[in-house]
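Before any comments, here is the structure.
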Amino acid sequence: MQTIREAIVAVLAQDHPMTVRQVFYQLTAGGVIAKTEAEYNGTVCRLLGEMRRSGEIPYEWLADATRWMRKPTTYSSIESALHHVDQHQLGILKKAELEERRGLERIAATLNGSGEGTS
């Protein structure tokens, strides 16, 4: 098992980040393990998990594009948060003003009987 661990570190040190499957194929191509589901799940997946948790390999060395993360919006400062809120509210106000202007133009066009200004 130590030989496989050393091979995993060598593969990832040479090129990272890699997916678990990429590590698996590198190990099979190098003749370190057999190309079987048992080796994939029981050896590579298990060892990579253990090695990440123990600190033998950094978390950043493994790519996991399948994880979907929901994160709240965060800001570096109160000022940054307030600026974002101000910009958002300004956008809402501008949209409301535009809609109000269009509504007034429709009313004016209707009153004038011209039909212009309607959309």
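The values are calculated or read from the model by the stated rules, or taken from the named source; none is laboratory data. What you are looking at is a predicted structure, and each value in this text was computed from that prediction instead of being measured. All Cβ positions, even for glycine, are placed from backbone atoms using ideal geometry, and neighbour counts span all protein chains on display. Accessible surface areas use protein heavy atoms only, side chains included; no ligands, DNA or RNA. Shrake-Rupley method; radii C 1.70, N 1.55, O 1.52, S 1.80 Å.
A single member of I92, I78 is open to solvent by less than 100 Å² (accessible area, probe 1.4 Å), out of contact with any Gly (no Cβ under 6 Å at 6 or more places or on another chain) and free of Cβ contacts under 8 Å to residues at least 40 places away in the same chain, and it is I92. The selection criterion, being in a helix (DSSP H, G or I) and either surrounded by 12 or more Cβ atoms within 10 Å (Cβ to Cβ) or in contact with a strand residue (DSSP E or B) (Cβ under 7 Å, 6 or more places away or on another chain) (or both), holds for E39. Out of curiosity, is E60 charged (D, E, K, R) and in contact with a His (Cβ under 8 Å, 6 or more places away or on another chain)? Spelling it out, E60 is indeed charged (D, E, K, R) and in contact with a His (Cβ under 8 Å, 6 or more places away or on another chain). When W68 is tested against (1) at pLDDT below 90; (2) open to solvent by less than 50 Å² (accessible area, probe 1.4 Å); (3) aromatic (F, W, Y), just one condition goes unmet, and that condition is (2). Out of all the residues in the stretch 50-64, is one or more open to solvent by 60 Å² or more (accessible area, probe 1.4 Å) and aliphatic (A, V, I, L, M)? No, the stretch 50-64 has no match at all. The test for being open to solvent by 40 Å² or more (accessible area, probe 1.4 Å), free of Cβ contacts under 8 Å to residues at least 24 places away in the same chain, polar (S, T, N, Q) and under 21 Å from A65 (Cα atoms) does not hold for Q2. Selection of the stretch 44-77 for residues being aliphatic (A, V, I, L, M) and in a loop (DSSP other than H, G, I, E, B) yields I57, A63, A65, M69.
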